[in-house]
Amino acid sequence: MSVKFYNSIEQAVTDIINKIDGDIRLGAPLGLGKPNAFINAMYQRISSMPERCLHIFSALSLTKPTASSDLEARFLQPFVERVFGDYPDLNYVTDLKNNKVPNNINVNEFFLKSGDWLNNPAAQQNYINSNYTHIARDMAANGVNVICQSIAVRDEADGTRRYSLSCNPDLSEDLLDLLQPRREAGEHIFAVGVINHKLPFMPNDAEVSADQFDMIIEDAAGTHTLFSTPNMKVTLSDYAIGLHASSLVQDGGTLQIGIGSLGDAIVHGLILRNKDNSTYQNIIKGLNHNLPLPKTLDLKPFVDGLYGCSEMFVNGFLKLIQADIIRRAVYPHTGLQKLLNSHKITETVSLDTLNALRQAELIQSPLTGEDVAFLTRFGIFNDDCTVEDGQLVLGDLRFEADLDDETALANIKEYCLGTQLQGGSIMHGGFFLGPADFYQTLRDMPDEKLNRINMSTIAFINQLYGDRHGDEALKRAQRVKASFINTCMMA
């Protein structure tokens, strides 16, 4: 795409309206990633143009809490001002709650918070029942022609600017792929990124180039306080359930948990298990009335650690990262991952690493250019190591790339070998939402740690099928001994 830069949301809205002849079908991420100021500007503009129509497709539209009485407002208002600051509410949500949405605008949500929309026929009748995994598909099927998203930026010392989908890489890239045939057929389709300087910059799969967008807008209205969620009270029953659940999580496995007090209780149980194991085991025995425990339980501290893989990267995962429980890194290469799973290699690089890779037929001898590219990609070789005419080259130094030659191996050990595997992820998430200190921790996190958190597409997170970031074999190798723990309703 050819990107155009704007410093005015209103001008961008004008250009979109002028270039799209028919209805504007606006798709926005769920939760935190909505560019509220842009959506409000489009909503207000179309509200004043009865000859035009706007269809909004989104989910989890976040609004500040409101009071139902004057007395309640006296208590609530100072809290709202302190926690939510200048966060702008979405006009379409306010109007939808008051049954004031103009006739030329439809609001379609893929997710409605339980109980929030009782006795609201418009919200209920325009609800689209779709699995989160398939929202990009269903947005495309509904003819979305404008995709908008809040994005983060990082300005580097060399003057370059990097862009990130930050909290919501979940849908945009897959949706753009689905819309590409319509774009190629000549239809006007716009991908709009609105910079919010308060969003944490997330690297890896969330990082995108500027030409991912048709428009990038840097307007002061786009930067505002991030919507934050409160930490809910954890009850005794939550703690009991969380402790029981934590005993089912296997060391060296994969973890998914949801938001809320029960998720927080599970995190507490896992941290207690790792930090004060004797107390933890006594509590588990007490909860089981000192009866013999099933052999399937895992009550020991974590040796290998856990890998987090969850559609929502909740605050609890960050606590587990800080407690060094979420630390089992996975790598985007099936063969390498299988060697790690079987403990034939570790993340510490040595000549034994090369031997194991060779036995698994992941590299050969003499090393080829493809082999060296693989080895440098994952930090097994240093970046400055290349191969030419069967020889390894480091600046002016050249020697044989033959792994059966003792002299060559000695040179490889001294000049080529890295120290630790690189490019691993200890956490994959599709979107995040949390309290203010969660966002601040991500903003302040050193790159070395932040690079191990990989916000990615929901297709990668929620499906085993192949997608842009990996095939089924890779995902199965990464997601061993998985525990998926959620609250659900029973009929």
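Some observations on this one:
- Shape call, the stretch 4-222: gyration tensor on alpha carbons, a/c limit 1.5: oblate
- Remark: the Cα gyration tensor places the stretch 334-416 in the prolate category, a/c being 1.5 or greater and a/b exceeding b/c.
- When the pairs K34/K475; K4/K64; K319/K481; K113/K338; K285/K338; K338/K413 are compared against a 31 Å limit on Cα-Cα distance, K4/K64; K113/K338; K285/K338 fall above it.
- Whether the chain is rounded, prolate or oblate, judged on the alpha carbon gyration tensor where a/c under 1.5 counts as rounded: oblate
- Packing-based order for 187-196, 358-367, using average beta carbon neighbours within 10 Å, highest first: 187-196, 358-367
- Contact order normalised by residue count of the stretch 334-416, Cα under 8 Å, 6+ apart, percent: 21
- The charge dipole of the stretch 52-127, taken about the Cα centre with unit charges on the Cβ atoms of Lys, Arg (+1) and Asp, Glu (-1), comes to about 120 debye, rounded to the nearest 20.
- Peptides 285-293, 243-251 ranked from most to least packed, by the mean per-residue count of other Cβ atoms within 10 Å: 243-251, 285-293.
- The chain - mean residue ellipticity at 222 nm from DSSP helices (-39,500 (n - 2.57) per run, n ≥ 4, rounded to 500): -10000 deg cm²/dmol
- Of Q44, P29, I16, farthest towards positive along the dipole that unit charges on Lys, Arg, Asp, Glu beta carbons give the stretch 14-53: P29
- Reachable aspartates and glutamates, given that their alpha-carbon falls under 17 Å from the alpha-carbon of K19 and they are not under 8 places away in the same chain: E10, E51, E184, E187, D214
- Distance from the stretch 380-426 to the stretch 126-163 (C-alpha centre basis), Å: 41
- All aspartates and glutamates inside 20 Å of K97 as judged from Cα atoms, apart from same-chain residues fewer than 8 positions distant: D70, E72, D89, E109, D116
None of the figures in this text is laboratory data; all of them are computed from the coordinates on show. Since the structure is predicted, the reported quantities are computational estimates derived from the model, not experimental observations. Cβ atoms come from the backbone with ideal geometry, glycine included; neighbour counts cover every protein chain shown.
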